[in-house]
Amino acid sequence: MASSNDLDIVNVTKRFGSHAAVEDVSFSVAPGEFFSILGPSGCGKTTLMRMIAGFEHPTSGDIRIRDRSMIGVPANRRPVNMVFQSLALFPMMSVGENVAYGMTCRGVGRAEADERAARMLERVGLNGFGHRQVTALSGGQRQRVAIARCLVLEPTLVLLDEPLGALDLKLREHMKIELKQLQGTFNTTFAYITHDQSEALVMSDRIAVMNGGRFEQIGSPRDLYHNPGTPFVASFVGETNRWRGAVSGAADRGLSVRLSSGVLAQGRGDAKTGDALCFVRPEAIALAAEAGALQILPNRFEGRVSAVLFDGANSSLLINAAGFDEPIRAVLPQAGPLAGITVGAPIHVGWTADAMKVFAA
Amino acid sequence: MTSARRLTLFLMMAPAILWLGLLIVLPHVEILILSFSERVAPRVYQFGFGNYLEFFTEPLYWRTFARTAIMSILVTAITLLLAFPIALYIARVARGRVKAMLLLLCLLPFWVSELVRTLGWMMLLRETGLISYLLRATGLATQPVELLYNDGAVILGLVYGGLLFMIVPLANALESLDPSVVEAGYDLGGSRATVLRRIVIPHAMPGIVAGSIIVFMLTVGNFATPVLLGGKNGLWFTEQIYAQFITRFNWPQGAAFGMLLLLLSSAIVWAGLRLTGQGLGTTLRQA
Ligand SMILES: Nc1ncnc2c1ncn2[C@@H]1O[C@H](COP(=O)(O)OP(=O)(O)O)[C@@H](O)[C@H]1O
Ligand SMILES: [Mg+2]
């Protein structure tokens, strides 16, 4: 079967001894797509990347790039280039030589390689940096050299292994946007791995959430955020409230869940009976000073503010309410009437049944 | 600085200063002075360049000198070629106990003195030795083979003696190379040869230069190995110095030869550093 994808991973498994670092993973990346693999540290992301790049060999399964199997193709013959976690710039070469290196490996003449390297540096905003030593660059500049070094080879696929991990927060926010723009202007397919859900959400066309060597779910950022398929995805992607309970039966619209100390709540999910985990996004929780304002919501509770977490536009409240094993976290709009609320104040909270995802525990 | 602290500093420095002064500077100054005293009559000496002139006018002397220099460079090059893959293996492939074992294995020959080590080679290489016996036993030779007393034997012995001093700085330098830098070299399309030439060797350069300087100096100044393994064909410059001092009892001539040897080592080390663009500081740190 011919595939129009840039990358097809087919049932790939990688074992180190008896430990499966990557287990039966399949996915495809379409041309021009920004595809992210998101997962906690140690879940097998780097191992998966290294198999695509050719530094590890799958125990079983197939890796196909533009429909050509890469099994047995050495790393230096694959049409993929990698931006390493440590960037791995060549410290013995100048910035220009770093970028020209790949071209000279392919037999491009010295003069032409230098010229193309200079043009590429210009495109990533490093005009005139060709003669600098890589050690004399700032974090963000080194980042750009590492990416320029790959893009200049016009690979089918660029692999990026947590390239922003070493940067400070401010620069990371900036580089997120810059990376996305670079990917757009070069129209190159990116496979990006990260443990930072915000990086994945901001940049990706599609995200695969990985846990313990397996893929939990693949979908668009919106899709993963609003319709998580597993409890892991629900808690790993974005902020969320998480409570334990037990399914007590089907209600008129979805499920009815009895939380640990007896309170009933309405939600949606596939769990039919038994222990359950309930997830509600903090921004889906409506706040009101009086119970009347929340009359239309099926889930309504009363509590007291236990903490105000001020963080500008991301400010939130922690609310202690009877029947919940964890405090309820709710976004506190800084433009609303409750902006000035203080610890200890009584408050009413509520949410729709659609906002509460219920999974079997 | 208080005077007490200055005193402490002085006391701490004293052994080093004594070491440098008594063992290195003083004898060399003495040798330098001695080398300029000419014998004009028995027991009568005067200042002059005669000892140095003698070196240039007597072909045996300067030929031995040139031969020592060229052979030493050759030995250094062979040692480097042999040591590089070993160091690469120790630094990048071997792990944990295997690595420690390999380094120990390199060190093992140095537990016996140089003399005994060289005598060991003589046992193996002589006409009635093991290798000659094996060659006859396997039918590769019909008569006893003398493997001693030629340049090959001298080079073999010197390379063997220098190997460790090349491996250690090389392995040190290679160990500090980030594995992902090597992988990036392949990832961007480099072949093994390209990665070696453009990434591994440039990175190891300080180690290469440090090891080469050490091995070169040890080789140039070696005495026992060329004498024992080369016999009268050894023709090492240190033998000439020995002969002047001990056999001929012509100390000023021996002193002049000593100064020339020092000059030779310094010149070649300097040329080596210039050629590879390395500083003495970075090189010493690597060694
Ligand atoms: N070469 C290896 N040998 C043995 N185990 C390995 C090797 N590489 C990775 N692992 C193991 O595989 C798992 C996944 O590692 P990795 O892919 O680096 O995770 P991530 O990049 O998601 O943090 C880890 O438990 C790690 O210890
Ligand atoms: Mg990783």
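The values are calculated or read from the model by the stated rules, or taken from the named source; none is laboratory data. Fair warning: this is a prediction, and the values are worked out from it, not measured in the lab. FYI the Cβ positions are ideal-geometry reconstructions off the backbone, even for glycines, and counts take in every protein chain you see. Remember, those area values only see protein heavy atoms, side chains included, never the ligands or the DNA or RNA. Shrake-Rupley method; radii C 1.70, N 1.55, O 1.52, S 1.80 Å.
Open to solvent by less than 60 Å² (accessible area, probe 1.4 Å), out of contact with any Pro (no Cβ under 7 Å at 6 or more places or on another chain) and either within 16 Å of ligand 1 (Cβ to nearest atom) or assigned to a helix (DSSP H, G or I) (or both) - does that describe any residue in the range A:120-130?
Yes, there is a match, as at least one residue in the range A:120-130 is open to solvent by less than 60 Å² (accessible area, probe 1.4 Å), out of contact with any Pro (no Cβ under 7 Å at 6 or more places or on another chain) and either within 16 Å of ligand 1 (Cβ to nearest atom) or assigned to a helix (DSSP H, G or I) (or both).
Can you pull out every residue in the range A:3-22 that is part of a strand (DSSP E or B) and either open to solvent by less than 50 Å² (accessible area, probe 1.4 Å) or within 15 Å of ligand 2 (Cβ to nearest atom) (or both)? So that I can check it myself, show each step before the final result.
Step one: filter the range A:3-22 for residues part of a strand (DSSP E or B), giving A:7-16, A:19-22.
Within the range A:3-22, A:L7, A:D8, A:I9, A:V12, A:T13, A:K14, A:F16, A:A20, A:A21, A:V22 qualify.
Could you check how many residues of the range B:254-278 are closer than 16 Å to B:F55 by Cβ and without any contact (Cβ under 8 Å) to a residue 40 or more places away in the chain?
Going through the range B:254-278 one residue at a time, the tally reaches 3.
Of all residues in the range A:185-209, count the ones that are more than 16 Å from ligand 2 (Cβ to nearest atom) and open to solvent by 50 Å² or more (accessible area, probe 1.4 Å).
Within the range A:185-209, residues that are more than 16 Å from ligand 2 (Cβ to nearest atom) and open to solvent by 50 Å² or more (accessible area, probe 1.4 Å) number 5.
Would you confirm, using the coordinates I've provided, whether A:A136 is free of Cβ contacts under 8 Å to residues at least 12 places away in the same chain, open to solvent by 10 Å² or more (accessible area, probe 1.4 Å) and more than 16 Å from ligand 1 (Cβ to nearest atom)?
The answer is yes for A:A136.
Which residue pairs have Cβ atoms under 6 Å apart, sit 6 or more places apart or on different chains, and have a first residue in the range B:65-79 that is over 19 Å from B:A210 (Cα atoms) and a second that is assigned to a helix (DSSP H, G or I)?
The qualifying pairs are B:F65/B:F237; B:T68/B:F237.
Please determine whether any residue of the range B:122-143 is among the β-branched types (V, I, T), within 14 Å of chain A (Cβ to nearest Cβ) and in contact (Cβ under 8 Å) with a residue 12 or more places away in the chain. Working first, answer last.
We begin by selecting, within the range B:122-143, every residue among the β-branched types (V, I, T); these are B:128, B:131, B:138, B:142.
Keeping just the survivors that are within 14 Å of chain A (Cβ to nearest Cβ) gives none.
No, the range B:122-143 has no match at all.
Got at least one residue in the range A:217-229 being more than 16 Å from ligand 2 (Cβ to nearest atom), aliphatic (A, V, I, L, M) and either outside the structural domain of A:F34 (by TED's automatic domain parsing) or under 25 Å from A:G267 (Cα atoms) (or both)?
Residues of the range A:217-229 that are more than 16 Å from ligand 2 (Cβ to nearest atom), as a first pass: A:217-229.
Remaining after also requiring aliphatic (A, V, I, L, M): A:218, A:224.
Subsequent filtering for residues that are either outside the structural domain of A:F34 (by TED's automatic domain parsing) or under 25 Å from A:G267 (Cα atoms) (or both) retains A:218, A:224.
Yes; the residues of the range A:217-229 include at least one that is more than 16 Å from ligand 2 (Cβ to nearest atom), aliphatic (A, V, I, L, M) and either outside the structural domain of A:F34 (by TED's automatic domain parsing) or under 25 Å from A:G267 (Cα atoms) (or both).
Per-residue answers, yes or no, for (1) at pLDDT 90 or above; (2) of a type outside the set (D, E); (3) farther than 30 Å from A:K272 by Cβ; (4) open to solvent by 30 Å² or more (accessible area, probe 1.4 Å):
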residue	(1), (2), (3), (4)
A:A284	yes, yes, no, yes
A:L294	no, yes, no, no
A:F301	yes, yes, no, no
A:D325	no, no, no, yes
A:A335	no, yes, yes, yes
A:L338	no, yes, yes, yes
A:V349	yes, yes, no, no
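For the range A:315-334, name all the residues that are over 13 Å from A:E283 (Cβ atoms), touching a residue at least 24 places away in the same chain (Cβ under 8 Å) and part of a loop (DSSP other than H, G, I, E, B).
Correct list: A:A322, A:G323, A:F324, A:D325, A:E326.
Taking the range B:114-133 only, how many residues are open to solvent by 30 Å² or more (accessible area, probe 1.4 Å) and assigned to a loop (DSSP other than H, G, I, E, B)?
Qualifying residue count, the range B:114-133: 3.
Matching residues to (1) touching a Lys or Arg at 6+ places or on another chain (Cβ under 9 Å); (2) open to solvent by less than 50 Å² (accessible area, probe 1.4 Å); (3) assigned by TED's automatic domain parsing to the domain that holds A:L38:
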| position | (1), (2), (3) |
| --- | --- |
| A:P79 | yes, yes, yes |
| A:L89 | yes, yes, yes |
| A:M92 | yes, no, yes |
| A:V99 | yes, yes, yes |
| A:R116 | no, no, yes |
| A:Q141 | yes, yes, yes |
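Out of all the residues in the range A:33-85, which are within 16 Å of ligand 2 (Cβ to nearest atom), touching a residue at least 24 places away in the same chain (Cβ under 8 Å) and assigned to a loop (DSSP other than H, G, I, E, B)?
Narrowing the range A:33-85 to residues within 16 Å of ligand 2 (Cβ to nearest atom): A:36-53, A:55-56, A:82-85.
This time we only want the ones that are touching a residue at least 24 places away in the same chain (Cβ under 8 Å), so: A:36-41, A:43-49, A:51-53, A:56, A:82-85.
Selection gives A:G39, A:P40, A:S41, A:C43, A:G44, A:E56, A:Q85.
Just one of B:V195, B:V154, B:V200 is away from chain A (no Cβ under 14 Å), in a helix (DSSP H, G or I) and β-branched (V, I, T); which is it?
On the way: B:V195 fails: away from chain A (no Cβ under 14 Å); B:V200 fails: away from chain A (no Cβ under 14 Å).
Residue meeting the stated conditions: B:V154.
Among what's in the range A:96-129 and is of a type in the set (G, A, S) and within 33 Å of the chain's Cα centre (by Cα), pick the residue that is farthest from the other protein chains (Cβ to nearest Cβ). Don't jump to the end; show me each part of the working.
Residues of the range A:96-129 that are of a type in the set (G, A, S), as a first pass: A:96, A:100, A:102, A:107, A:109, A:111, A:113, A:117-118, A:125, A:128.
After this cut, where a residue has to be within 33 Å of the chain's Cα centre (by Cα) as well, the list is A:96, A:100, A:102, A:117-118, A:125.
Working: A:G96: 14, A:A100: 10, A:G102: 4, A:A117: 12, A:A118: 17, A:G125: 21 Å.
Among those residues, the one meeting the criterion is A:G125.
Which of the residues that make up the range A:32-52 are small (G, A, S), at negative phi and surrounded by fewer than 23 Cβ atoms within 10 Å (Cβ to Cβ)?
Of everything in the range A:32-52, just one residue is small (G, A, S), at negative phi and surrounded by fewer than 23 Cβ atoms within 10 Å (Cβ to Cβ), namely A:S41.
Mind counting the residues in the range A:74-95 that are more than 23 Å from A:I193 (Cβ to Cβ), of a type in the set (A, V, I, L, M, F, W, C) and more than 8 Å from chain B (Cβ to nearest Cβ)?
Taking the range A:74-95 first, the residues more than 23 Å from A:I193 (Cβ to Cβ) are A:91-95.
From what's left, of a type in the set (A, V, I, L, M, F, W, C): A:92-93, A:95.
Remaining after also requiring more than 8 Å from chain B (Cβ to nearest Cβ): A:95.
The total comes to 1.
Residue by residue through the range A:155-177, note down the ones that are away from ligand 2 (no atom under 12 Å from the Cβ), open to solvent by 30 Å² or more (accessible area, probe 1.4 Å) and out of contact with any helix residue (DSSP H, G or I) (no Cβ under 8 Å at 6 or more places or on another chain).
A:L169, A:K170, A:E173 - these are the residues of the range A:155-177 that are away from ligand 2 (no atom under 12 Å from the Cβ), open to solvent by 30 Å² or more (accessible area, probe 1.4 Å) and out of contact with any helix residue (DSSP H, G or I) (no Cβ under 8 Å at 6 or more places or on another chain).
So the check is Cβ under 6 Å with 6+ separation or different chains; which pairs have a first residue in the range A:220-232 that's under 16 Å from A:L277 (Cα atoms) and a second one that's in a helix (DSSP H, G or I)?
A:P228/A:A234
Test of understanding: among A:V29, A:V25, which residue is within 13 Å of ligand 1 (Cβ to nearest atom), touching a residue at least 12 places away in the same chain (Cβ under 8 Å) and open to solvent by less than 50 Å² (accessible area, probe 1.4 Å)? Give the derivation first.
On the way: A:V29 fails: within 13 Å of ligand 1 (Cβ to nearest atom).
Of the residues listed, the single one that is within 13 Å of ligand 1 (Cβ to nearest atom), touching a residue at least 12 places away in the same chain (Cβ under 8 Å) and open to solvent by less than 50 Å² (accessible area, probe 1.4 Å) is A:V25.
Out of the range B:172-192, which residues are at the interface with chain A (Cβ under 7 Å from one of its Cβ atoms), of a type outside the set (D, E) and surrounded by fewer than 21 Cβ atoms within 10 Å (Cβ to Cβ)? Write out each step before concluding.
In the first step, residues of the range B:172-192 are kept if they are at the interface with chain A (Cβ under 7 Å from one of its Cβ atoms); the result is B:178, B:180-181, B:183-184, B:186-191.
Then keep just the ones that are of a type outside the set (D, E); that gives B:180-181, B:184, B:186, B:188-191.
Across the range B:172-192, the qualifying residues are B:S180, B:V181, B:S191.
With surrounded by 14 or more Cβ atoms within 10 Å (Cβ to Cβ), modelled with pLDDT under 80 and more than 24 Å from the chain's Cα centre (by Cα) as the only criterion, which of B:R92, B:R39 stands out?
Working: B:R92 fails: modelled with pLDDT under 80.
Answer to the check: B:R39.
Given (1) surrounded by fewer than 17 Cβ atoms within 10 Å (Cβ to Cβ); (2) under 26 Å from B:V44 (Cα atoms), identify the lone condition not met by B:A255.
Going through the list (1) surrounded by fewer than 17 Cβ atoms within 10 Å (Cβ to Cβ); (2) under 26 Å from B:V44 (Cα atoms), B:A255 breaks only (1).
Only one of these is within 14 Å of chain A (Cβ to nearest Cβ) and among the aliphatic types (A, V, I, L, M): B:I208, B:I241, B:I214. Name it. Lay out the reasoning, then the answer.
Details: B:I241 fails: within 14 Å of chain A (Cβ to nearest Cβ); B:I214 fails: within 14 Å of chain A (Cβ to nearest Cβ).
Result: B:I208 is the single residue among B:I208, B:I241, B:I214 that is within 14 Å of chain A (Cβ to nearest Cβ) and among the aliphatic types (A, V, I, L, M).
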